[in-house]
1. How do the peptides 247-260, 336-349, 36-49 rank, highest first, by the average count of neighbouring beta carbon atoms within 10 Å per residue?
2. Just list whichever of LYS48/LYS404; LYS48/LYS271; LYS404/LYS464 have alpha carbons separated by over 31 Å in the model shown.
3. Ranked by accessible surface with a 1.4 Å probe, highest first, in what order do TRP428, TRP53, TRP222 come?
4. Ranked from the most accessible area to the least, with a 1.4 Å probe and all protein chains present, what is the order of ILE138, ILE27?
5. For region 158-279, what are Rg and Dmax over the alpha carbons, in angstrom?
6. For region 249-288, what is the accessible area per residue in Å², given a 1.4 Å probe and the full set of protein chains?
7. Can you tell me which of 180-186, 169-175, 28-34, 463-469 comes out highest on packing, and rank the rest after it, using the mean Cβ neighbours within 10 Å?
8. On the accessible surface of region 239-325, probed at 1.4 Å, how many percent belong to carbon and sulfur atoms?
Amino acid sequence: MAPRPKRPPGHRYRWHQRLSVPQFTAITGLLVIAFGTFILASPLCSTKTVGLWEALFTVTSAITVTGLSVIDVGTELTPIGQVALAGLIITGGLGLMAITTFLQGFVQGHSGLRHRLDKGRALDEFGVGGIGPTFRSILITAGCVMGIGTLILFSFGFNDIPNLGERLWASMFHCISAYNNAGFGLWSDSLVGYRSNPVVNLVIASMIVMGGLGWRVTNDLWVNRFRLRRLNRLSMHTRLVIRSTIGLILVGTIGLLLTEHLDTEGLLMQKLDTLDKLQVSLFQSITTRTAGFNTIPLTTSTLSDAGLLLMMGLMFIGASPGGTGGGIKTTTFAALMAATRSTLRAEDGVVVRNREIPAKVVLRAVGVTLASLLFVLGMALLLALDNIGGGGSAETEAFTFLEKLFTCVSAFSTVGLDVDVTVHLDRWGQAVLMVGMYVGRLGILLLLSAFYGSRPQTRVKYPKEELYI
């Protein structure tokens, strides 16, 4: 009997064993969304008004921790459905990419140095440390923070809910949603009813900020908790994230106060007292950067165009790397601002806090920002067409371009703030938003690398030539 021909060494790996981390992450995310859709659409989780399409949109929004919704979570989902939704939010917020690295490890079985580095980058972690301890620390930190927030809201925040079980679940659900920057609420008006409640505002805002900072920053602060008087003990990344976060919160708060004060058309903010104005402006400045809660109705009749434009800028920047939010990230924005300053000063390198930023980091920041901006404009272009949702057909309401652009930025940056557009779009318009949410959550560069794959760097160097800009 003739011997069987030998196969090439690489042929023994199946197709799923040759997937890169970006490809595996993208496919796993789609599988989780598909699985969650069938679960949420079942009679056990939802009422008859929630079909497959509504469940698909809701699950996509939950996995991408966005918060845009075409259903009323509090009335159209059963208690089991609300628990399932909270689980999907945790899955997407605390590390869809981290979970896929574990799955990839089981499926592919690789443990070499290159793959450990690849997994580390997927989790936004530096070095060759194991994924397991890092992910365990992320879960412990998140559990402690959300647990403390739940106790505070239960004891002092949602005291108007007489039923203790309902109060506990409302406290737990909103802490899960806030820490993961999801923006889902159990009430159709979000947190408008708690606009003047300082405890609810403070707890939800704190959850949002802590979730948006990222585990690396939280861990750095915890490790150096007894030496915080000397900020140089913290890494440059932590210091830059904290300064950027505080700066953006202040800019958003002061900006909203000014835009709504200068607009004299009798908008909602004009009717509030000084304390409520300050509290609303501070809360909306924080939640705009990828959380999606609101304590005032968001429409063009309640906020000025200037205020909505300011909120779009904050949404586009988003949270910080490794956090539960979206956007281009605070460090990307900081790197761009530093590069702009260095250009104006005619400096050869980009320096931040006496540290030079590598050129490849600046190029990555430029690439992320430009690709994200083009993608958002593409989404807005699709929604702006007359024959697509919201374009003035008999079944949908005609919206201004500002409202459509606001919704596109909200979807791509995984914010979830809505100016009453999403529910009135037809299925094509909602599909555009779903794609935007998915791309925005995974990161546009990660998806591009999933399509094109990793290509070896060439050693060929080309001659330099000046280009006039």
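1. 247-260, 36-49, 336-349
2. LYS48/LYS271; LYS404/LYS464
3. Order by accessible area, largest first: TRP222, TRP428, TRP53.
4. ILE27, ILE138
5. 17.7, 51
6. 52
7. 180-186, 169-175, 28-34, 463-469
8. 69
The values are calculated or read from the model by the stated rules, or taken from the named source; none is laboratory data. Since we're looking at a predicted model, the values are computed, not measured. Counting neighbours? That spans all protein chains shown, and the Cβs are built from the backbone with ideal geometry, glycine included. Note: accessible area is taken over every heavy atom of the protein model, side chains too, but ligands, DNA and RNA are not part of it. Shrake-Rupley method; radii C 1.70, N 1.55, O 1.52, S 1.80 Å.
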